[in-house]
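Worksheet for the structure shown next.
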Amino acid sequence: QVQLVESGGGLVQAGGSLRLSCAASGSILSIGAMGWYRQVPGKQRELVAAITSGGSTNYADSVQGRFTISRDNAKNTVYLQMNSLKPEDTAVYYCNADARGPFTGWVNYWGQGTQVTVSS
């Protein structure tokens with residue numbers, strides 16, 4: 001079993017910055033792609049940013065140029081640096097990762113979510 005634990009969410013003013021972290025723990029042999037999703041009440045969960053084990057990234061158009069995803073493979077951790085935040089970035093942000101354990105093949109996992117609120 002693998003657990004994803006997010007941290008770094010909170011309240012910030014428009015134009016400010018926030019950095020989210022997600023650490024994977026448990027019985028892990030390797031971690032593949034990792035990503036951040038967000039969800040607003042009444043809307044579908046959407047991909048914000050993703051990064052492969054090799055470091056290739058992709059972003060939603062709405063955050064391109066403002067957000068940066070990165071990872072530290074030695075710490076099994078993925079980060080989301082959010083700059084120039086807008087009220088429309090307000091959402092619950094979820095960490096997602098593909099992981100392989102000693103008794104499983106590749107399995108996809110979700111974190112519990114962390115609230116990001118951007119005030120105007």
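The values are calculated or read from the model by the stated rules, or taken from the named source; none is laboratory data. What you are looking at is a predicted structure, and each value in this text was computed from that prediction instead of being measured. Quick reminder, even Gly has a Cβ in these numbers, built from the backbone with ideal geometry, and neighbours come from all protein chains shown. For the accessible areas, the whole protein counts, side chains as well, though only heavy atoms, and no ligand, DNA or RNA atoms are used. Shrake-Rupley method; radii C 1.70, N 1.55, O 1.52, S 1.80 Å.
Select from the range 19-28 the residues that are hydroxyl-bearing (Ser, Thr, Tyr) and open to solvent by less than 40 Å² (accessible area, probe 1.4 Å) and list them in ascending order.
Answer for the range 19-28, where residues must be hydroxyl-bearing (Ser, Thr, Tyr) and open to solvent by less than 40 Å² (accessible area, probe 1.4 Å): just 21.
Collect the residues in the range 79-104 that are within 20 Å of residue 23 (Cα to Cα), out of contact with any Leu (no Cβ under 8 Å at 6 or more places or on another chain) and open to solvent by 60 Å² or more (accessible area, probe 1.4 Å), keeping them in residue-number order.
104
Looking only at residues in the range 57-74 that are under 15 Å from the mean Cα position of the chain (by Cα) and among the charged types (D, E, K, R), which one is surrounded by the fewest Cβ atoms within 10 Å (Cβ to Cβ)?
Out of the qualifying residues, it is 72.
Just the residues that are touching a residue at least 60 places away in the same chain (Cβ under 8 Å), within 18 Å of residue 76 (Cα to Cα) and over 12 Å from the mean Cα position of the chain (by Cα), please, taken from the range 87-108.
If the condition is that a residue be touching a residue at least 60 places away in the same chain (Cβ under 8 Å), within 18 Å of residue 76 (Cα to Cα) and over 12 Å from the mean Cα position of the chain (by Cα), then 98, 99, 100, 101, 102, 106, 107 are the ones that fit.
Anything in the range 29-56 that is surrounded by 14 or more Cβ atoms within 10 Å (Cβ to Cβ) and either in a loop (DSSP other than H, G, I, E, B) or among the polar types (S, T, N, Q) (or both)? List them, or say none.
Matches in the range 29-56: 39, 45, 52.
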